[in-house]
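J.: Can you read through this structure? Questions will come right after.
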Amino acid sequence: MSGLSTPAPADEPSEPAVSEASGPGGPGAPEEVAPEASGPAGPKAAVPGPGGAGPRGAAGTSGSDSFAAPGAAAGFDPYRGPADPANPYRPPVGPPPKPHQWLRPSDPPAKAPAGPRALLAALLTGLLTAWLLGDGLGVNLLICGAVTSAGAGLAARSAGRKPRAWTLVWSVLALALLTVPALFEAGWPVALATACALGLASLALHGGRRWAGVLLALPGILWQLGPGLLWARDGLRRLSLPGRGKAVPVLKAVAVTAVLLTVFGWLFASADAAMADVMTSLAPSLEAGELPLRLVLFLLGLLTALGFAHIAAGPRRWDRTVVRPGRERGRLEWALPLGALNLMFGAFALVQAVVVLGGRDSIMENTGMSRSEYARQGFWQLMAVTVLTLVVVGVAKRWAPRSSEADRRLARILLGVLCLLTLVVVASALGRMWFYVDASGLTRLRLWVLVVEVWLGVVFLMLITAGLVRSVAWLPRAVVLSGMLTAAVYGLMGPDAIVAEQNVARFERTHQIDLRNVRDLSLDAVPALDRLPEDYRTCALDLMRVELADDSTPWYATSRAAARARGIVAERPLPAGSLAARNACDKAGLRESSVFDRY
């Protein structure tokens, strides 16, 4: 979130060792050695207290923090406890916490108080949210996100934290995701991009390298909304207001400016209709019935901005969360089911080589089904197999035998073979969906599952790579980065526009189109659907008629795709009345059927 440009220290430590128990590491991940106390052995060996070893409130952060706090004492890190010369990145030393105290190791060592600049930025975010977001989503979401980012950066700066490389990566990707509403109108990609941007912003401020640190940091903003408000209250109590001689002139200047703009703006708007239109488009309208919604939006924006600033002032160290390792299983107990599963996957791969590689005639001969029927019959099952295999790899890695080098080699081989065979399942699922799309056209759901299946294939490739290089320190952040990049690409490519373009291109090639695939698309699809013959065009755009006619949405709540669609329809208006659209659909051969037929 922070826009700070201070470079990270040049002597940043190397990647930390990562516990396999913290998540599904690569199939060849090395085992973690039990952490050792840095002090002398004995019954009174030092055990880190809550929030990091050492005195509570000590300054400094860890190397896994997304910001680095200067001034940490040599040989001591309040994030991880006393330094271990062998590996300073070990999790906290000592016995695992009690079940009700699992949050204590991740407590921040210190938290900077709320400063006036961060509080003003949060207040501005709340006002902008109430002012701009009530009319819809567009570039207004990016504006609110930028102000929130500035407030979090100010809070981090007051805490003495400096941005790291991964902080900038997550922040830039989060802001890129917030551009999706400004470009496209489709609801699902906009919602996905917004949720991913919030998660990335939280991860950028928390930092994290291990599975626990990364996965718990993504939704971290959710449980910071209330504490952020209390943090702001405490900051206001400590705040010493400026003297009367400094505050009064500022308030006078603001009041005079507001009066002048209101009076002269009203006069100019009354004198010229064009000026009135400009001022109306620049300033949102506010009616009495909208006040409850605006108040809710103000509180939402304020709490979100305070939550991010609260994280930046002193984030919880999720990397220090203690995750108990899974109980090691015996070779037979572990290897027999995994080996049997590998044999089943291998048999499936051989069947696919015979059935699919033989072409269309081979499918008909071996299954008695067309390519479309064959694809639809098995795609969803194969996608379920892919997801379940990912779960199996994580669970099997947690309970894998690891007492000797032979045990670890066996685990690498069996898990590596399973991941490799799963790529065959991914390729088969993608091929089946390609056949299905070629026969029946593309839909929103089909495009989405194709994107997800490709991402799952990338994840399995990363697992195989982790097994080959015998290192998983890079894996948690790489998996999150690949998922967020997938969400960004999916949103920025305009899914509805792609669905419409594929169906129209198929119609131009085969003179066949299933209008049910395109009638419920957003305004992103209008440029492609505008190329259809008149009856098909009228039927396809009928459900968008109300949105196309609504040109009262302010500029900040209108996407570029919506503005372009309204311009196209203004040049070629649709026939008036629902009867004309119904007749056009009848001529185009649209048949009503169950909604499940479309998938």
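The values are calculated or read from the model by the stated rules, or taken from the named source; none is laboratory data. Just so we're clear, the structure is a prediction, and the values are computed from it rather than from any experiment. Heads up, the Cβs are rebuilt from the backbone with ideal geometry, glycines too, and the neighbour counts pull from every protein chain shown. Protein only, heavy atoms only, side chains kept; ligands, DNA and RNA dropped before computing areas. Shrake-Rupley method; radii C 1.70, N 1.55, O 1.52, S 1.80 Å.
J.: With a 10 Å radius around each residue's Cβ, average the other Cβ atoms per peptide and rank 452-458, 312-318, highest first.
T.: Going from most to least packed, we get 312-318, 452-458.
J.: As a test of reading the structure, rank L430, L297 by solvent-accessible area (1.4 Å probe, protein chains only), most first.
T.: Sorted by accessible area, descending: L430, L297.
J.: Give me the accessible area of T194, 1.4 Å probe, in Å² rounded to the nearest 10.
T.: Answer for T194: close to 40 Å² accessible.
J.: State in Å² the accessible area per residue of region 95-184; use a 1.4 Å probe, count heavy atoms of protein chains only, and round to the nearest integer.
T.: The answer is 43 Å² per residue.
J.: Next up: Using amide H atoms built 1.01 Å from N in the peptide plane, name the residues 5+ places from K162, or on other chains, whose amide H lies under 5 Å from its own.
T.: It is A68, A69, by chain and number.
J.: Rounded if a/c is under 1.5, else prolate if a/b is larger than b/c, else oblate: which is region 414-455, with a ≥ b ≥ c the root eigenvalues of its Cα gyration tensor?
T.: Oblate, since a/c reaches 1.5 and b/c is not below a/b.
J.: To continue, here is another question. Indicate the gyration tensor shape class of region 114-153 (rounded, prolate or oblate), computed on the Cα atoms with a ≥ b ≥ c the square roots of the eigenvalues: a/c under 1.5 is rounded; otherwise a/b larger than b/c is prolate and the rest oblate.
T.: The shape class here is oblate.
J.: Which whole-angstrom value gives the distance between the alpha carbon centres of region 148-215 and region 388-403?
T.: Between the Cα centres of region 148-215 and region 388-403 lies a distance of 31 Å.
J.: Now for a different question. Could you give the nm distance between label points at A195 and L468, where each point is 7 Å from its Cα heading toward the beta carbon?
T.: Distance between label points: 3.4 nm.
J.: Could you give the length gained on full extension between W266 and W434, defined as 0.36 nm per residue of separation minus the Cα-Cα distance, in nm?
T.: 54.6 nm
J.: Given the protein chains as shown and a 1.4 Å probe, how many square angstrom of F298 are accessible, to the nearest 10?
T.: It works out to around 50 Å².
J.: Can you tell me how region 136-189 classifies by the Cα gyration tensor, rounded, prolate or oblate, using a/c under 1.5 as the rounded cut?
T.: Oblate shape, in that a/c is at least 1.5 and b/c is the bigger or equal ratio.
J.: At a threshold of 8 angstrom on Cα-Cα distance, excluding pairs fewer than six apart, so keeping six or more, what relative contact order does region 441-599 reach in percent?
T.: Relative contact order for region 441-599 comes out at 24 percent.
J.: Could you sort S578, S440 by accessible area so the largest value comes first, with the probe set to 1.4 Å?
T.: These residues rank, largest area first, as S578, S440.
J.: What whole-number distance in Å separates the alpha-carbon centres of region 470-493 and region 540-582?
T.: Region 470-493 and region 540-582 have Cα centres spaced 37 Å from each other.
J.: So, with a 1.4 angstrom probe, what is the percent of accessible area on region 172-215 that is carbon and sulfur?
T.: With neighbouring chains kept in place, the figure for region 172-215 is 84 percent.
J.: Also, I was wondering about something else. Provide D234, D272 ordered by accessible surface of protein heavy atoms (probe 1.4 Å), highest first.
T.: Putting D234, D272 in descending order of accessible area: D272, D234.
J.: Just to check I understand the Karplus step: with θ = phi - 60° and J = 6.51 cos²θ - 1.76 cosθ + 1.60, what whole-Hz values come out for region 166-173, glycine and proline as x?
T.: Karplus-based 3J(HN,Hα) across region 166-173 equals 5, 4, 5, 4, 5, 5, 5, 5 Hz.
J.: Residue-wise, which Karplus ³J(HN,Hα) couplings in Hz belong to region 332-337, taking 6.51 cos²θ - 1.76 cosθ + 1.60, θ = phi - 60°, and x for glycine or proline?
T.: Calculated HN-Hα couplings, in order: 5, 4, 8, 7, 4, x Hz.
J.: Let me ask another. Show me, for region 517-530, the HN-Hα J-couplings you get by feeding each phi into the Karplus relation (A = 6.51, B = -1.76, C = 1.60, θ = phi - 60°), rounded to Hz, glycine and proline as x.
T.: My calculation for region 517-530 gives 6, 10, 5, 9, 6, 7, 5, 4, 8, 4, x, 6, 5, 5 Hz in order.
J.: A further question follows. Quote to one decimal, in nm, the extra length available between R572 and A406 on full extension: 0.36 nm per residue of separation minus the C-alpha distance between them.
T.: The span from R572 to A406 would gain 52.5 nm if fully extended.
J.: Next question, about the same structure. Could you state how much accessible area R572 has, in square angstrom rounded to the nearest 10, with a 1.4 Å probe and all protein chains kept in place?
T.: 90
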